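Trainee: Below you'll find the structure I mean.
The values are calculated or read from the model by the stated rules, or taken from the named source; none is laboratory data. Just so it is clear, the model here is predicted, and its values are computed rather than measured. Here the Cβ positions follow ideal geometry from the backbone for every residue, glycine too, while neighbour counts run over all protein chains shown. The area values use the complete protein model at the heavy-atom level, side chains included, leaving out ligands, DNA and RNA. Shrake-Rupley method; radii C 1.70, N 1.55, O 1.52, S 1.80 Å.
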Amino acid sequence: MPEPRPDEPLPVPLPDAVRAALLAPLVDQHCHGVRRDDTTRSGFEQLIGEGGTPAPPGTTHFDTPAGAAIRRWCAPVLGLEPHASATVYLSRRAELGATEVNRRLLRGAGVSAFLVDAGLDVPGVLSPAEMGRLGAAAADEIVRLEQVEQDVAEAGLPAADYAGMLRDELALRGARAAALKSVAAHRCGLGFDPSRPSRGSVIAAAGRRLADPKARLADPVLVRHLLWAAVDVARERSLPLQFHCGLSGWGPSGTGDAGVAGHLADPALLTGFVRALAPLGVPVVLLHCYPYHRQAAYLAGVFPHVYVDAGPAVAHTAAGSAHVLREVLELVPFHKQMYGSGCHGAAELCFLGALHHRRGLARVLGDRIAEGEWSTADAARIAHMIGAGNARRVYRL
Amino acid sequence: MPEPRPDEPLPVPLPDAVRAALLAPLVDQHCHGVRRDDTTRSGFEQLIGEGGTPAPPGTTHFDTPAGAAIRRWCAPVLGLEPHASATVYLSRRAELGATEVNRRLLRGAGVSAFLVDAGLDVPGVLSPAEMGRLGAAAADEIVRLEQVEQDVAEAGLPAADYAGMLRDELALRGARAAALKSVAAHRCGLGFDPSRPSRGSVIAAAGRRLADPKARLADPVLVRHLLWAAVDVARERSLPLQFHCGLSGWGPSGTGDAGVAGHLADPALLTGFVRALAPLGVPVVLLHCYPYHRQAAYLAGVFPHVYVDAGPAVAHTAAGSAHVLREVLELVPFHKQMYGSGCHGAAELCFLGALHHRRGLARVLGDRIAEGEWSTADAARIAHMIGAGNARRVYRL
Amino acid sequence: MPEPRPDEPLPVPLPDAVRAALLAPLVDQHCHGVRRDDTTRSGFEQLIGEGGTPAPPGTTHFDTPAGAAIRRWCAPVLGLEPHASATVYLSRRAELGATEVNRRLLRGAGVSAFLVDAGLDVPGVLSPAEMGRLGAAAADEIVRLEQVEQDVAEAGLPAADYAGMLRDELALRGARAAALKSVAAHRCGLGFDPSRPSRGSVIAAAGRRLADPKARLADPVLVRHLLWAAVDVARERSLPLQFHCGLSGWGPSGTGDAGVAGHLADPALLTGFVRALAPLGVPVVLLHCYPYHRQAAYLAGVFPHVYVDAGPAVAHTAAGSAHVLREVLELVPFHKQMYGSGCHGAAELCFLGALHHRRGLARVLGDRIAEGEWSTADAARIAHMIGAGNARRVYRL
């Protein structure tokens, strides 16, 4: 085993095959576009803080695990010393310009394909195609169900046409998508009744919904209707259905709704819905999940159609992410875990997600090999499955 | 401290007294019978996957933490090299035959007494006596409450006789048992009203129940009635009452019921019931618990009559189990934790539960000694208490 | 880096600046008074067990992580060898007398300021001023809201005057306090409706409440009224509002109420209330939180006004506390975590809280530096912020 060089991404010496598997291109199976333009310090801080708000007076979001990781790991990508100060980092960022910074960081992530949720309603972010171009990778689109529903709700149609138009619109957008994605966790929580709602209840709920179409979808009946309509499209098109889970997006400016507390994003609440989908052959991908990632790994272990992606928790926990991955790997079948950065806004989070996925997994695999638990060949195979192989199989890339 | 040999079960060098305590016979205070006959590859995979279902096409349940551990640790017990392939392993398993494999693995677990829940309605598994004979250990029976109730419900008696016959049957079966066990978590969740239901409500619920006696018990009123009837027998016979907790059995073919999501198996939900039992002197043993094992350890810390067993999570997390044990040991009093494999179906899980209990505990104790936190004498004493001493005291073995 | 001496509190060698920051005086931002008088062995055991009950027959609360830490770390403070037996320890404790023991342990904690919740209704404990005097530290008082409400309820006034007198009493006591504190988790759980209750509903609830004034406050309407009245005082006085969270106090003699299960102390349940306070500028400090500390760290990350203190879990998990701190540090902004011992009853828990805060943080910081993740300067700054700087800023000490 060669010693790793100090400038290398892997923190421990590993057998060549494992090292190669970890450094091979990843499939980033869930991310969002990053901002295409330069931003102020305050704007940048809002992108890297998990809450999307400014840091309290006298503090900075650079004083977070992700902020420290940006200074440590992204600074060299921009030609700076590790641990550069926030001021130096942002000044260099401005000097290079957003396009060059995005190019360096997205390429530096070492990703061969991005699956991009372009439905987060934020202006000024790169499209999936642009993410691919700057990142020297393929790019496909993930359709965000609630965005489709919002468009339908705002189209000014009568309640009786709501279900039909939603079905048509989902089919249309699903035809060019790699996956469908739900943020039901943010709208009514994941503890919804797993059954398909009756036609009558949907028409009644649609009537209420269309009386205030600019409001966000929150009615559990319509959330369930949307999900089951999506399941129909997913079956027809063999598309996986992704679910946002876990604590992310609950801050004051996040997409989590006022009346829904974070504990309702526990994927264990999805047990009934996942069970209902079991006979249908629609893969379900649990995104993010932290701090309920063990629950997600369990579901992936017992339901043949369930997958798990520790998602943006890896980028945000940064130096602490090895432990998160270790917990996912306690139970998850090796053919059920996937990599996704879950980044949005800042290309730094795309880069850090990939870096800490590799660093964290390197630590876990290194330990397993050193303890005699897993063979070198198995460790290399596991790294490959989680990094790209499982996603290529599930999304048929 | 001598260096451990590579073929030894303990992963770190330890003082002799600690080593001896870890290698001493265990009491497996909760397990199920393993299959007595040979099985196909598909059948074996279903036994080792947590969900009890086949692996998705193109994948294998050997690609799980438990599957990797079987290839690593059980292969040598069958005379193979560590990390033998799944095909080689299964071929050797067939060659030796189920009885010889069971004999080697059950004996290899190093267990002096098995407490066996024989009420899981699966054909072709060893009886408690057979488990003991093949494992060269004593064996006692755990009475599964819901099985007793099912038998009573199916006996064709009028609703007015339900409570009386249930009481009599529990008393009868309790008379030859080492413990009683509830899977209320799977039937209505652990958030049930902790009070004893009224006689009237029980008769009414029994009427509904007996109209469809083949259905599984799920009515919370009858679950509570069953638990309180069990408490009466437990008090009389000084029997502990075990509770299945945590994420296990929620897969498509598991015993978890369709309408009950996994989060309802959190033992923290039992706070009220445990509090109600506090004055009665009936020990309560929380089984499995993962990923809510910290909650269980807390309850064991604050209630004098509560115990905890990390259970099948140890066998299933395998190489990752040290971390699970480390979390249980964060709060649990040393006289409150017990060992149980929770195995069912495959003798491999009985063997791995014991092996990884010893390996995981060895790591935690080794760290505590190295950090100067616990003395060698204390570490040895703790290993003994958790491995066998506490169970011998609680079950009066 | 110098080697640490075996008698030193830090378990790993660290750069001088980090070492100095860790050994600098702490602000203990949440604790209770410790007993001023000598006690029996049984009495002492009840103080150190988390449940406040005697250990089961044949066992001892010294056989817990905290008990083992007392023998290891407090024994030398009393002039004994590390790992002294419980009997020797208690005999030496009696010989020195409670005042001298308290003086040694409180001083040994290395605290420059105590914030003391004096509202826990336990006789024979040191006042805040006495805690300060014996600990050679400043001391301020935390007002326990439910104690104020109890006093008001017992004052024998008509329901129409309840709200006014509560407001006046909170304002009066708040005027000389460093913070306000709620144990709503113990009274109705943290899942209460976050909105301010209507005047009419409060008067109606007060009428019911005053019919049995000796009972403990449990009505969610009055709990919410108390919290919003406290928010008014907190805004006026710029006082932080502390919330007891997590599993602590649910034992048979704890302050957790019979009808409230431990899972209702999950701070994620506070999402809505915290969101409602976001525009008001009232800092919210989540206390204890274990095993929901990741949820608390997340809330501290996304809400500018939320802070987290892992609290008594550090003293009680003792040798295992580094892992708990590691999990808090996965997400928490460095300017949002604070130190508090949460001790009550036994000065040992005050000492151990501080010791294991330093030891645990030393391990995490040592790892981060060794892995090249954080710079030495950052690590020192983080240690200082968490240990004292953040509390000095938030409480304006």
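Trainee: Filter region C:53-72 for residues that are in a helix (DSSP H, G or I) and in contact with a Lys or Arg (Cβ under 9 Å, 6 or more places away or on another chain) and give the result.
Mentor: Answer for region C:53-72, where residues must be in a helix (DSSP H, G or I) and in contact with a Lys or Arg (Cβ under 9 Å, 6 or more places away or on another chain): just C:ALA68.
Trainee: Six or more apart or on different chains, Cβ under 7 Å: which pairs go from a residue in region B:195-212 that's within 27 Å of B:LEU277 (Cα to Cα) to one that's hydroxyl-bearing (Ser, Thr, Tyr) and part of a helix (DSSP H, G or I)? Could you list them?
Mentor: That search, which allows pairs on different chains as well, returns B:ALA206/B:TYR162.
Trainee: A further question on this structure: Looking at region A:167-184, I want the residues that are more than 21 Å from A:HIS244 (Cβ to Cβ) and have a partner that is crowded, with 19+ Cβ neighbours inside 10 Å with Cβ atoms under 7 Å, at least 6 apart or on another chain. Which pairs are those?
Mentor: Once the first residue is more than 21 Å from A:HIS244 (Cβ to Cβ) and sits in region A:167-184, its partners that are crowded, with 19+ Cβ neighbours inside 10 Å give A:ARG167/A:ALA229; A:ALA171/A:VAL233; A:ARG176/A:GLU141.
Trainee: Then there is this: Out of curiosity, is C:ALA17 under 22 Å from the mean Cα position of the chain (by Cα) and assigned to a helix (DSSP H, G or I)?
Mentor: Spelling it out, it is not the case that C:ALA17 is under 22 Å from the mean Cα position of the chain (by Cα) and assigned to a helix (DSSP H, G or I).
Trainee: Would you pick out the residues in region B:356-390 that are part of a helix (DSSP H, G or I) and either touching a Cys at 6+ places or on another chain (Cβ under 9 Å) or of a type in the set (Ser, Thr, Tyr) (or both)?
Mentor: Taking region B:356-390 as the starting set, the residues that turn out to be part of a helix (DSSP H, G or I) are B:356-370, B:376-390.
B:THR376, the sole residue that qualifies.
Trainee: Scan A:GLY58, A:GLY79, A:GLY67 and give me the residue that is within 13 Å of another protein chain (Cβ to nearest Cβ), in contact with a helix residue (DSSP H, G or I) (Cβ under 9 Å, 6 or more places away or on another chain), open to solvent by 20 Å² or more (accessible area, probe 1.4 Å) and without any contact (Cβ under 8 Å) to a residue 60 or more places away in the chain.
Mentor: Exactly one residue qualifies, and that residue is A:GLY58.
Trainee: Now, a different point. Go through (1) buried (at least 17 other Cβ atoms within 10 Å of the Cβ); (2) closer than 22 Å to B:LEU287 by Cα for B:PRO25 and report which single condition fails.
Mentor: For B:PRO25, the exception is condition (1).
Trainee: Could you tell me which numbered condition C:PHE351 fails, if it satisfies all but one of (1) within 27 Å of C:GLY97 (Cα to Cα); (2) open to solvent by less than 10 Å² (accessible area, probe 1.4 Å)?
Mentor: All conditions pass for C:PHE351, except number (2).
Trainee: If only one of B:ALA206, B:ALA218 is modelled with pLDDT of 95 or more and of a type in the set (A, V, I, L, M), which one is it?
Mentor: B:ALA206
Trainee: So which of A:GLU50, A:GLU100, A:GLU45 is within 13 Å of another protein chain (Cβ to nearest Cβ), assigned to a helix (DSSP H, G or I), of a type in the set (D, E, K, R) and within 27 Å of the chain's Cα centre (by Cα)?
Mentor: A:GLU45
Trainee: Given the options C:ALA346, C:ALA278, C:ALA319, C:ALA310, name the one that is among the aliphatic types (A, V, I, L, M), modelled with pLDDT under 95 and under 22 Å from C:CYS31 (Cα atoms).
Mentor: C:ALA310
Trainee: Which of the residues that make up region B:140-169 are within 18 Å of B:PRO128 (Cβ to Cβ) and among the aliphatic types (A, V, I, L, M)?
Mentor: The answer is B:ILE142, B:VAL143, B:LEU145, B:VAL148.
Trainee: Would you check if B:SER42 is closer than 21 Å to A:HIS335 by Cβ, of a type in the set (Ser, Thr, Tyr) and surrounded by fewer than 18 Cβ atoms within 10 Å (Cβ to Cβ)?
Mentor: Yes; evaluated as a whole, the condition is true for this residue.
Trainee: Across region C:292-304, which residue is nearest to A:LEU47 (Cα to Cα) among those that are within 7 Å of chain A (Cβ to nearest Cβ) and of a type outside the set (Gly, Ala, Ser)?
Mentor: C:VAL302
Trainee: Looking at region A:281-301, is at least one residue outside any helix (DSSP H, G or I) and among the small types (Gly, Ala, Ser)?
Mentor: Yes; the residues of region A:281-301 include at least one that is outside any helix (DSSP H, G or I) and among the small types (Gly, Ala, Ser).
Trainee: Another question, if that's okay. Run B:PHE303 past the list (1) of a type outside the set (Asp, Glu); (2) open to solvent by less than 10 Å² (accessible area, probe 1.4 Å); (3) within 14 Å of the chain's Cα centre (by Cα) and report the number of the one that doesn't hold.
Mentor: (3)
Trainee: Identify, by number, the condition in (1) touching a Leu at 6+ places or on another chain (Cβ under 6 Å); (2) farther than 18 Å from C:HIS83 by Cβ; (3) crowded, with 24+ Cβ neighbours inside 10 Å that C:ARG36 doesn't meet.
Mentor: (3)
Trainee: As an exercise: evaluate B:LEU331 against (1) open to solvent by less than 10 Å² (accessible area, probe 1.4 Å); (2) touching an Asp or Glu at 6+ places or on another chain (Cβ under 8 Å); (3) of a type outside the set (Phe, Trp, Tyr) and give the number of the one condition it does not meet.
Mentor: For B:LEU331, the failing item is (1).
Trainee: Right, here's the next one. So, in region B:240-259, of the ones that are open to solvent by less than 10 Å² (accessible area, probe 1.4 Å) and not in a strand (DSSP E or B), which residue ends up modelled with the highest pLDDT?
Mentor: Filtering first and then ranking leaves B:PRO240.
Rundown of residues vs (1) touching a strand residue (DSSP E or B) at 6+ places or on another chain (Cβ under 9 Å); (2) under 30 Å from A:LEU299 (Cα atoms), yes/no style:
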{"position": "B:LEU23", "(1), (2)": "no, no"}
{"position": "B:VAL34", "(1), (2)": "yes, yes"}
{"position": "B:THR53", "(1), (2)": "no, yes"}
{"position": "B:ARG93", "(1), (2)": "no, yes"}
{"position": "B:ARG107", "(1), (2)": "no, no"}
{"position": "B:GLY110", "(1), (2)": "yes, no"}
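Trainee: Something else now. Confirm whether B:ASP219 is touching a Cys at 6+ places or on another chain (Cβ under 8 Å) and away from chain A (no Cβ under 14 Å). Before you say what the answer is, go through the steps one by one.
Mentor: Details: touching a Cys at 6+ places or on another chain (Cβ under 8 Å): yes; away from chain A (no Cβ under 14 Å): yes.
Judged against the criteria, B:ASP219 is a match.
Trainee: Which of (1) away from chain A (no Cβ under 14 Å); (2) surrounded by fewer than 17 Cβ atoms within 10 Å (Cβ to Cβ); (3) of a type in the set (A, V, I, L, M) does B:VAL125 not meet, given it meets every other one?
Mentor: Failed condition: (2).
Trainee: List the residue pairs whose Cβ atoms are under 7 Å apart, where the first residue sits in region A:320-348 and is within 13 Å of another protein chain (Cβ to nearest Cβ), the second is outside any helix (DSSP H, G or I) and among the aromatic types (Phe, Trp, Tyr), and the two are 6 or more positions apart or on different chains.
Mentor: If the second residue must be outside any helix (DSSP H, G or I) and among the aromatic types (Phe, Trp, Tyr), the pairs left are A:VAL324/A:TYR290; A:LYS336/A:TYR307.
Trainee: Just name the residue that is farthest from the other protein chains (Cβ to nearest Cβ) out of those in region C:262-288 that are touching a residue at least 40 places away in the same chain (Cβ under 8 Å), open to solvent by 10 Å² or more (accessible area, probe 1.4 Å) and under 21 Å from B:GLY272 (Cβ atoms).
Mentor: The extreme case among them is C:LEU264.
Trainee: Could you tell me which of the residues C:ALA218, C:ALA155, C:ALA177 is in a loop (DSSP other than H, G, I, E, B), in contact with a strand residue (DSSP E or B) (Cβ under 8 Å, 6 or more places away or on another chain) and of a type in the set (A, V, I, L, M)?
Mentor: Checking each option against the conditions leaves just C:ALA177.
Trainee: Are any residues in region B:361-397 within 8 Å of chain C (Cβ to nearest Cβ), of a type in the set (D, E, K, R) and surrounded by fewer than 20 Cβ atoms within 10 Å (Cβ to Cβ), and if so, which ones?
Mentor: Answer for region B:361-397, where residues must be within 8 Å of chain C (Cβ to nearest Cβ), of a type in the set (D, E, K, R) and surrounded by fewer than 20 Cβ atoms within 10 Å (Cβ to Cβ): B:GLU371, B:ARG393.
Trainee: Looking at (1) open to solvent by less than 40 Å² (accessible area, probe 1.4 Å); (2) more than 29 Å from B:ALA391 (Cα to Cα); (3) of a type in the set (S, T, N, Q), which is the one condition that is false for B:SER182?
Mentor: All conditions pass for B:SER182, except number (2).
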